[in-house]
Every structure is written in C-alpha cells, then in structure tokens.
Amino acid sequence: MESFDYLSVLHSIILGLAITQVLLGFRGLILTRLKVKIYLPTVIWAGLALLIAIQAWWATFGLRMRGNWTFLAFIVIVLQAISVYMAAAVVLPDITGDFVVDLRDHYFAHRSWFFGFMLAGVAFSAVKELVLNGHLPGRLNGEFHLIFGLVASVAVITRREWFHKLLAPAFALLFLLYITLLFGRL
C-alpha cells in the first residue's frame, strides 16, 4: 500500500462526515419543512459547506505522488479537514421535537463559530502548502486564500444582516471561480 493511500483514508473519513452532516441537515429541513423558517444565506452557506468538503477531497488527490510524508504534513492536512467538518457541523441546526426552527436565528447564533472554522480551514490550507512545499500558496491561490481569510474574519465580527445577505451569494460565485481556475482538472 502506498503511503498516500493509507494516509488519505482518515482524511476521506473526516470529509465524508462533513458531507454527511450537511446532507443530514438538508434532509432535516425537507422532512420538517412546515416548521422551518428558511433564511437564504444559511441555505447558501450549507451548499457551500458541502462544496468545500468535496473540493477539499478533490484537491487532495494532487498529493498522490508525494512519497515523503511527515507527521507534521499529515496533521496539518487532518486539521484542515477537521475545520471543514466543523463548519459543516454548525451550518445547519439539528432539528428535533416540535419546535419551529428559524434559520436566521441559527445563522446569527452560530456565525462566529462557522466563520471561525472557515478561517481555520483557510489558515490550515496555507500552512499545508508551506509544510508540504516550503512556501505559501502561489500567487493566484494565495490571493484567493487572502480574500477567503479576510471575508471569514469580517463575517466573524459583523452582525450586519445586509452584509451577510450579500456575502453568501458573492462568496458562492467567488468559490466557484476558485474551483474553475485552480481545480477544474485532476
């Protein structure tokens, strides 16, 4: 067994759990739709959490040829995956009982945690590049990292609803551009 095959198992499990969290959240929204007050930014961020987990898994395939692994490199990759999982875990509420669930209330109650985990994911992604390749992400990738990090930082500290309503679709377009430009092919 190649070392990448072995090491990627734990990474894949964590990202698989992140995907499961979001899908279970969407399932809960569908099954209890009569008692859920929809808030579009929450739904968009949940879709993005799913896409980010998938993109992280996709991007990891680029490491398959790497033969020399250190524990530090592995732990940074795992910490990035854990950050993605935690963002996915808090983006949608657990829906139980007969209570009305307001996605706007949930969003603002947990936005600092969600965007904190997003910021951690960006930071671990940059550190991963440093640990694996001896430098921070390249120009275009580095610019996206900087933008993603700044956006997450601002989102952690601001409660302005207009900002969050604009941020979700804007970030979705930005992340799709990121994938298109940097990860369109294996």
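The values are calculated or read from the model by the stated rules, or taken from the named source; none is laboratory data. Just so it is clear, the structure is predicted and the values come from calculations on it, not from any experiment. When we count neighbours, we look across all protein chains shown, and the Cβ atoms used for this are built from the backbone with ideal geometry, even at glycine. Accessible surface is based on the protein model in full, side chains and every heavy atom, while ligands, DNA and RNA are left aside. Shrake-Rupley method; radii C 1.70, N 1.55, O 1.52, S 1.80 Å.
State in Å² the accessible area per residue of the chain; use a 1.4 Å probe, count heavy atoms of protein chains only, and round to the nearest integer. Kindly include the intermediate steps, with their values, before the conclusion.
Numbers: 10450 Å² over 186 residues.
Here the per-residue accessible area is 56 Å².
When the accessible area of segment 37-183 is computed with all protein chains present and a 1.4 Å probe, what percentage of it is carbon and sulfur? Don't skip to the answer; put the middle values down first.
Details: 5410 of 7730 Å².
Ligands and nucleic acids excluded, carbon and sulfur reach 70 percent.
Could you tell me how far the Cα centroid of segment 8-53 sits from the Cα centroid of segment 62-81, in Å?
For segment 62-81 versus segment 8-53, the Cα centre distance is 26 Å.
Between (1) 49, 37, 29; (2) 52, 33, 27; (3) 84, 32, 29, which entry matches Cα extents along the principal axes in Å as derived from the coordinates of this structure?
Recomputing Cα extents along the principal axes in Å here gives the entry labelled (2).
Given a cut-off of under 8 Å on Cα pairs at least six residues apart, what relative contact order in percent is computed for segment 27-186? Walk me through the intermediate numbers first.
Values: 143 pairs, mean separation 48.6, N = 160.
The normalised contact order for segment 27-186 reaches 30 percent.
Would you please classify the overall shape of segment 46-85 from the alpha carbon gyration tensor, given that a ≥ b ≥ c denote the square roots of the eigenvalues, rounded means a/c under 1.5, and beyond that prolate means a/b larger than b/c while oblate covers the rest?
Taking the square roots of the gyration eigenvalues as a ≥ b ≥ c, segment 46-85 is oblate.
If the cut-off is a Cα-Cα distance under 14 Å, which aspartates and glutamates reach K165, setting aside same-chain residues fewer than 8 apart in sequence?
Cross-link targets: D105.
Using the Cβ atoms and a cut-off under 12 Å, what net charge is assigned to the surroundings of G62, where Lys and Arg are +1 and Asp and Glu are -1? Intermediate results must be reported in sequence, preceding the final value.
Values: positive: R64, R66, K128, R185; negative: E129.
It works out to a net charge of +3.
Distance in nm between label sites at L176 and I38, each 7 Å beyond Cα in the beta-carbon direction?
Distance between the two pseudo-spin positions: 1.8 nm.
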